[in-house]
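Quick notes on the structure that follows.
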Amino acid sequence: MRYLIDSANISEIESAIGMGVSGITANPSMYLKNKVSLHSFIGHFKDLSDKLLTAEVIGETAEEMLSQAEALAGIRPDIIIKVNFSREGMRLMRMLKERNIRTAATLIFNLNQATLAMEAGADFLFVFIGRNDENGHDGISVLQEICGVIRLNGYHTRVVAASIKNVYHLRQAALSGAHYAAINFDTLEKAIYSDLSVNGAKGFESDWKML
């Protein structure tokens with residue numbers, strides 16, 4: 001499993017990239033929180049050609065969102081357009097597929113939505129774990145079902161474990177077979193930390209000084 005930094009905070013993102021994460025993802029709420037516009041955010045990272053970069057489009061109709069997606073693809077041709085799962089979102093993914101623009105269906109909460117998004121041409125699925133749990137469902141079980149169906153049928157769609165609330169979710173996402181995990185910077189730091197690693201390093205440093 002590989003990692004996407006789920007943030008619109010430039011400092012956090014640059015730190016995560018320095019640690020080797022595979023890409024960047026954010027949403028309108030994050031842009032608002034960090035007082036950054038979508039196009040300036042995408043422009044800031046458009047030259048990181050070795051990293052995945054997503055951008056979300058919002059609108060009531062597929063045609064409205066299509067113009068946004070095409071403008072974003074003009075900034076970076078290999079951008080991944082995040083599409084909120086809906087009837088119009090499925091139409092949009094079909095349109096973007098015809099234009100060779102990659103898409104990610106987000107706000108996926110069950111297997112039916114996942115398979116319908118794949119039928120519409122989604123290249124990535126953002127499967128929400130924590131928000132599913134908060135609404136009385138088993139987010140990890142849903143993720144396992146989706147990953148299992150993809151393996152069973154040999155689909156090429158990539159699964160992104162999203163709405164990860166803790167390091168337990170992160171561990172279970174890896175064991176479920178998710179291709180990526182979208183995590184915030186705080187969870188990334190918690191995943192890095194281990195008392196055993198810290199104490200082991202201190203022991204090595206002490207012995208090194210004795211050489």
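Assorted remarks:
- Amide H contacts for Thr103 (H built 1.01 Å from N in the peptide plane; partners 5 or more residues away or on another chain; cut-off under 5 Å): Ile81, Asp123, Phe124.
- Solvent exposure ordering (accessible area, 1.4 Å, most first) of His39, His156, His169: His156, His39, His169
- The chain - mean residue ellipticity at 222 nm from DSSP helices (-39,500 (n - 2.57) per run, n ≥ 4, rounded to 500): -16000 deg cm²/dmol
- Averaging Cα coordinates gives a centre for region 142-170 and one for region 1-57; these two points are 21 Å apart.
- Diffusion constant of the chain at 20 °C, which comes from Stokes-Einstein with the Kirkwood Cα-pair radius and 1.002 mPa s, µm²/s: 119
- Within the accessible area of the chain (1.4 Å probe), percent carbon and sulfur: 52
The values are calculated or read from the model by the stated rules, or taken from the named source; none is laboratory data. Source: prediction; values computed, not measured. Heavy atoms of the whole protein, side chains included, go into the accessibility calculation; ligands, DNA and RNA do not. Shrake-Rupley method; radii C 1.70, N 1.55, O 1.52, S 1.80 Å.
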